[in-house]
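The values are calculated or read from the model by the stated rules, or taken from the named source; none is laboratory data. The model shown is predicted, which means the values in this text are computed figures rather than measured ones. Using ideal geometry, Cβ is built from the backbone for each residue, glycine included, and neighbour counts are taken over all protein chains shown. All accessible areas refer to the heavy atoms of the entire protein, side chains included, with ligands and DNA or RNA removed. Shrake-Rupley method; radii C 1.70, N 1.55, O 1.52, S 1.80 Å.
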Amino acid sequence: KSLLFLSPDKNTVLYSSYGEDESNGKDIYQLKKMANGKWAPVPLNITSVNTPLDEEYPCLSKDGKTLYFASDARGTFGQSDLFKVSVNEDGSYTAPENLGNTINTEGRESYPFVTKDNILLFASDGHPGQGGFDIFALDLNQKGASPVHLKAPLNSAFDDFGLNWDRQTNNGVFTSNRPEGQGDDDLYVFTNTKPF
């Protein structure tokens, strides 16, 4: 699965893909909207990130200053961990920082998304949950905060991931392979009425 992420200013699309040689793993790429309205590929230039291992599911914080992604890079706590890099004013990136073992487990942490009020949403099959990938929330505004499991009906005994949640309107969309869907992975919309 490869997700596209549209930046808050709607001028950049981030995505992950294999290059010419799939043995080099997935890398993060971007498309930039040019002055003529056309889109052009621009190298991301995170040389310490784009390795023979996979870097996937990029997303930007709402201020555009932090890029989050999942990777199975060396030194991870599990099968894939969440990382972040800071975006410098000149468009360059700092060295990747693992988000640590409060978030990352021996399993897979993937599909990060950051809300406008700085809540990190992600999927994990390593934290205790209801089964498969479950969706968790972490308040990045609170130092030392722990991930919170988002209960049913958002999570189920199947894979639930890729949550995009507008906390101002409390509307969102996520992906799940629960059996009542139309295919393998389906999109579900929701309106939240409870704090996470």
Karplus-derived 3J(HN,Hα), 6.51/-1.76/1.60, for each residue of the range 116-129, Hz, glycine and proline x = 4, 9, 6, 9, 7, 9, 7, 10, 8, 10, x, 6, x, x
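Using a simple charge model, +1 on the beta-carbon of Lys and Arg, -1 on the beta-carbon of Asp and Glu, nothing else, what dipole does the chain show about its Cα centre, in debye to the nearest 20?
Approximately 740 debye in magnitude.
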Heavy-atom accessible area of the range 39-192 with neighbours in place, 1.4 angstrom probe: carbon+sulfur share in percent works out to 48
Where a Cα-Cα gap under 17 Å defines reach, which aspartates and glutamates qualify for LYS38, not counting those fewer than 8 residues away within the same chain?
-> ASP9
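I need to check one value: relative contact order of the range 1-140, counting alpha carbon pairs closer than 8 Å and at least 6 residues apart, in percent. Mind dumping the intermediate values first?
Working: 330 pairs, mean separation 21.9, N = 140.
Rounded, it is 16 percent for the range 1-140.
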Out of SER86, LEU44, GLN182, whose Cα points farthest toward the positive end of the dipole of the chain (charges: +1 Lys, Arg; -1 Asp, Glu; placed on Cβ)?
-> SER86
Select from THR76, HIS149, TRP165 the residue farthest towards the positive end of the dipole of the chain; place +1 on Cβ of Lys and Arg, -1 on Cβ of Asp and Glu, and compute about the Cα centre.
-> TRP165
Above-threshold pairs, the threshold being 23 Å between Cα atoms, out of LYS10/LYS143; LYS10/LYS151; LYS84/LYS151; LYS26/LYS84; LYS65/LYS194 | LYS10/LYS143; LYS10/LYS151; LYS84/LYS151; LYS65/LYS194
Whole-Hz Karplus couplings 3J(HN,Hα) for the range 160-177, θ = phi - 60° and coefficients 6.51, -1.76, 1.60, Gly and Pro as x, run 10, 6, x, 7, 10, 10, 8, 7, 7, 8, 6, 9, x, 9, 8, 10, 8, 9
Sequence order, the range 76-85: Karplus ³J(HN,Hα) from phi using 6.51 cos²θ - 1.76 cosθ + 1.60, θ = phi - 60°, Hz rounded, Gly and Pro as x, gives 6, 7, x, 5, 8, 10, 8, 10, 9, 9
